[in-house]
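Read the structure below first, then the notes.
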Amino acid sequence: MTSQEAKELLLRYRPGDEIGDPEMAAALAQCERDAALRAWFEEQGRTQSAIQECFRKITPPAGLKEQIISEHQAALRAEWWRHPRVLAAAALIILMTAVTMFWLQRDRGQSNELSIASFRMRMVKEALRLYRMELETGDLEQIRRHLANRQAPADFNLPEALGRANLTGCATTRWQGAKVSLICFLKDKSNPTGAKSDMWLFVMDRAVVKDPPPPGERRTAKENRLSTVMWSLGGKVYLLGTEGSEAELQKWL
Amino acid sequence: MDQGLDFESVVARFYAPLYQFAFSLTHVEADACDLTQQTFYIWGTKGHQLREPAKVKTWLFTTMHRQFLESRRRQTRFPHDELESVEHALPVITPQAVRQLDIAQVLETLGRVDEIYQSPVALFYLEDCSYKEIAEILEVPLGTVKSRISRGIGQLQRLLAEHPATRRAEK
């Protein structure tokens, strides 16, 4: 190792550097043998100490630590909600609320959809606007056969007065996946409106509706422009509707 | 976060050496304060990602150094003299001049040393970090760090010897 190489190493000497650094140890050993190098190293040591002392004199301004901590606390207060855990918790709450609402709405919706009121509303709409007569006949037996062929309720019981009404035909429809029989009547053959039917009887399996009228009870209601009455009999639910008053409807029961 | 790594205890433990390093780099108190605060701000937002508590010190110094380099990239490079390598004979600063060295003079001179040597030299003189830690902080190999420290010290002492204040002290 030349004197110049030793100087290059010794420039960065810090006490203890020779431990585990053979090159530094060799440079120090060379100092012991080379008086000129030793003199340079001693002078160098003083210079390094003076420079180091200058660096040690760097002191942070008063209040810096407190300012750093204070700004951190302010940032935490301002941005606590941006913390990943807070965001995750918020997202979880929103998700759980949405799922709960969905199930509640779904249950409520399903419950509403299966109610007798929903059935009545849908059937009145059917009677007034939607249905297409599948069989036009005044023969009740033909009507029963047709309905049976369509897998719709055919073994219904007509109230005595209604049995005397003028049959005009029948049709089938569906409600909540169940077949519904529609039997059509004309109350007065000399109906001035020219309508083919003005009274309708819907028959469906009673089990499909969640709140059917109890047996023996007749439940009347006005739906759209029809007066309606509903009752249960022999495992079926019946809905009779006609334009006009409830009293008029009662005549057919 | 580890109990020993709560924000206040980390600040209490490292703000002074970090400030010293920042001041060595910037030579301006306000800039050094900003750099120190910025470093702890980053620690406050990203420090929780650190898995090894023993690495806090190098993490902070590395972050500060990156921030400094980033800010320097946005500024005009410091004017500095092209210096020759340490192989040339080192001028000796006289004992009288050495006794009169002050921090302003040293840091002003450090600012004229090649940029690549400034951070290693500052960390060397601050004595808070081993060579291995300095290498980790500056993200360069250990051998490179040692070489840069030697060359940086050589440049610093040469510039100090030529500094007008040193010349005046020698007369």
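Please return the ranges of helices (runs of 4 or more DSSP H) entirely within the stretch B:17-113 where 2 or more residues are modelled with pLDDT of 80 or more. Here the list reads B:29-46, B:56-73, B:103-110.
Answer with yes or no whether A:L226 is in the same structural domain as A:N157 (by TED's automatic domain parsing), in contact with a helix residue (DSSP H, G or I) (Cβ under 7 Å, 6 or more places away or on another chain) and in contact (Cβ under 8 Å) with a residue 60 or more places away in the chain. For A:L226, the condition - in the same structural domain as A:N157 (by TED's automatic domain parsing), in contact with a helix residue (DSSP H, G or I) (Cβ under 7 Å, 6 or more places away or on another chain) and in contact (Cβ under 8 Å) with a residue 60 or more places away in the chain - is met. Would you please name the residue that is modelled with the lowest pLDDT, looking only at residues in the stretch A:19-53 that are outside any helix (DSSP H, G or I) and within 13 Å of chain B (Cβ to nearest Cβ)? Checking each candidate, the answer is A:G20. For the stretch A:181-234, taking the residues that are hydroxyl-bearing (S, T, Y) and more than 18 Å from A:R129 (Cβ to Cβ), the one that is farthest from the chain's Cα centre (by Cα) is identified as A:S190. Under 29 Å from A:D139 (Cβ atoms), of a type in the set (D, E) and either surrounded by 15 or more Cβ atoms within 10 Å (Cβ to Cβ) or out of contact with any strand residue (DSSP E or B) (no Cβ under 6 Å at 6 or more places or on another chain) (or both): is that true of A:E217 in this structure? For A:E217, the condition - under 29 Å from A:D139 (Cβ atoms), of a type in the set (D, E) and either surrounded by 15 or more Cβ atoms within 10 Å (Cβ to Cβ) or out of contact with any strand residue (DSSP E or B) (no Cβ under 6 Å at 6 or more places or on another chain) (or both) - is not met.
I'd like the residue in the stretch A:173-207 that is hydroxyl-bearing (S, T, Y) and buried (at least 19 other Cβ atoms within 10 Å of the Cβ) and, out of all such residues, is nearest to A:S118 (Cα to Cα). So, considering only residues that are hydroxyl-bearing (S, T, Y) and buried (at least 19 other Cβ atoms within 10 Å of the Cβ), the one nearest to A:S118 (Cα to Cα) is A:T173. If you filter the stretch B:25-38 down to residues that are at the interface with another protein chain (Cβ under 9 Å from one of its Cβ atoms) and surrounded by 24 or more Cβ atoms within 10 Å (Cβ to Cβ), you find that the one that is farthest from A:C54 (Cα to Cα) is B:T36. So, in the stretch A:124-135, of the ones that are in contact (Cβ under 8 Å) with a residue 60 or more places away in the chain and either exposed (fewer than 15 other Cβ atoms within 10 Å of the Cβ) or not assigned by TED's automatic domain parsing to the domain that holds A:M230 (or both), which residue ends up nearest to A:T172 (Cα to Cα)? Taking the candidates together, the pick is A:M133.
Tallying residues that are within 11 Å of another protein chain (Cβ to nearest Cβ), farther than 14 Å from B:L159 by Cα and surrounded by fewer than 22 Cβ atoms within 10 Å (Cβ to Cβ) within the stretch B:105-124 yields 0.
Does A:P153 satisfy the condition of being in a loop (DSSP other than H, G, I, E, B), in contact with a helix residue (DSSP H, G or I) (Cβ under 9 Å, 6 or more places away or on another chain) and modelled with pLDDT of 90 or more? When the stated conditions are applied, A:P153 passes them. Flag: A:L147 matches the condition of being modelled with pLDDT of 90 or more and of a type outside the set (K, R). Considering each residue of the stretch A:213-224 in turn, at least one proves to be part of a loop (DSSP other than H, G, I, E, B) and farther than 18 Å from A:L249 by Cα. Scanning the stretch B:130-158 for residues being within 11 Å of chain A (Cβ to nearest Cβ) and not in a helix (DSSP H, G or I) gives a total of 1.
The values are calculated or read from the model by the stated rules, or taken from the named source; none is laboratory data. Note that the structure is a prediction, hence the values are computed from the model and not measured. Cβ sites come from the backbone with ideal geometry, for glycine too, and all protein chains shown count toward neighbours.
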